[in-house]
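Have a look at the structure below before the remarks.
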Amino acid sequence: FDKGSVLEFNSEIEAGNPLHFPGFDERIQKAKEKTGAKSGCMTFEARIENIKIVVAMLMGTFRGGSFGAAEGYKFVEAARRAAKNSMPFLAYVHGTAGIRIQEGTNGVIQMPRCTIAVRRYIENGGLYMVLYDTNSYAGPVASFLGCSPYQFAVRSSNIGFAGPGVIKSTTGMDVPPKYHRCYKALTRGHLQGIWDRRQIRNNLKQALQTIGGRNLYYR
């Protein structure tokens, strides 16, 4: 992003323990201390070559990238902010996993909530893009990330619904080598492109300047 252009919002929203799951308060606190973040999602406005965008960044370093009520709230508010200010919306996925099971329904409901938010944004003419990095699995990929018409991945990333560990524990089978590599997702039509990390800034700029029609907000 352009130097000095990042402006974070909703930074006070933090992950919690709504169901009072035994011992989970301590685990959440350790995640906050380890990462310096209050949840697994950071939302901010930024610029790329002076093009304004709204970004929701999912962070795999916070509780393994699990997704709960705090993350869902921030993602939905980011989509609404992008719509209100007529700006493109980028989901930068620096790692994500499934629902934060310790939150029960509070976590599960975030998948349809976020999906509805981005669908409304897209249907009103907004440009919603997803960029996968590191490891991206489970509910978020199958719902509000997977419904983007423009999905890209860093070439070292892994993408899938169930990760190798989950597949092994549920089926007893080891997945083939490179089964989750982003190139497999590209051959299945999940992705529109694979990027070298050094090309991300230029490719995002090109995408923002060329994708879509006259109804897009920033146009």
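Restricted to the stretch 1-23, and to residues there that are open to solvent by less than 20 Å² (accessible area, probe 1.4 Å) and in a loop (DSSP other than H, G, I, E, B), the residue that is nearest to A97 (Cα to Cα) is A15. For the stretch 40-61, a tally of residues being of a type in the set (S, T, Y) and under 13 Å from F9 (Cα atoms) returns 1.
Please work out which residue is nearest to A15 (Cα to Cα), limiting yourself to the stretch 71-88 and to residues that are part of a helix (DSSP H, G or I) and open to solvent by 10 Å² or more (accessible area, probe 1.4 Å). First the steps, then the outcome.
Taking the stretch 71-88 as the starting set, the residues that turn out to be part of a helix (DSSP H, G or I) are 71-84.
Retained after the next criterion (residues that are open to solvent by 10 Å² or more (accessible area, probe 1.4 Å)): 73, 77, 80-81, 83-84.
Values: Y73: 10, E77: 15, R80: 20, R81: 21, A83: 25, K84: 25 Å.
Checked the stretch 71-88; the qualifying residue nearest to A15 (Cα to Cα) is Y73.
Check the stretch 122-130 and report whether any residue there is of a type outside the set (S, T, N, Q) and more than 18 Å from I211 (Cα to Cα). Among the residues of the stretch 122-130, not one is of a type outside the set (S, T, N, Q) and more than 18 Å from I211 (Cα to Cα), which makes the answer no. Selection of strands (runs of 3 or more DSSP E) fully inside the stretch 140-219 by the criterion of at least 3 residues being over 14 Å from the mean Cα position of the chain (by Cα) and more than 20 Å from G125 (Cβ to Cβ) returns 193-195. Taking the criterion of being surrounded by 22 or more Cβ atoms within 10 Å (Cβ to Cβ), modelled with pLDDT of 90 or more and under 12 Å from the mean Cα position of the chain (by Cα), the residues of the stretch 90-117 that qualify are L90, A91, V93, C114. Total residues in the stretch 8-60 satisfying the condition of being within 28 Å of L208 (Cα to Cα), touching a Ser or Thr at 6+ places or on another chain (Cβ under 6 Å) and among the polar types (S, T, N, Q): the figure is 1.
Among the residues making up the stretch 24-45, those that are assigned to a loop (DSSP other than H, G, I, E, B) and either open to solvent by 40 Å² or more (accessible area, probe 1.4 Å) or touching a Lys or Arg at 6+ places or on another chain (Cβ under 9 Å) (or both) are G36, K38, S39, G40.
Go through A91, A78 for me and flag whichever is under 19 Å from N158 (Cβ atoms) and out of contact with any helix residue (DSSP H, G or I) (no Cβ under 7 Å at 6 or more places or on another chain). Quick ask: steps written out before the conclusion?
Working: A78 fails: under 19 Å from N158 (Cβ atoms).
Only one candidate passes the filter, namely A91.
If you filter the stretch 52-70 down to residues that are open to solvent by 30 Å² or more (accessible area, probe 1.4 Å) and outside any helix (DSSP H, G or I), you find that the one that is nearest to T96 (Cα to Cα) is M59.
The values are calculated or read from the model by the stated rules, or taken from the named source; none is laboratory data. Worth saying up front: this structure is predicted, and the values here are computed from it rather than measured. Positions of Cβ are backbone-derived with ideal geometry, glycine not excepted, and every protein chain shown enters the neighbour counts. Quick note on the areas: whole protein, heavy atoms, side chains included, nothing else; ligands and nucleic acids left out. Shrake-Rupley method; radii C 1.70, N 1.55, O 1.52, S 1.80 Å.
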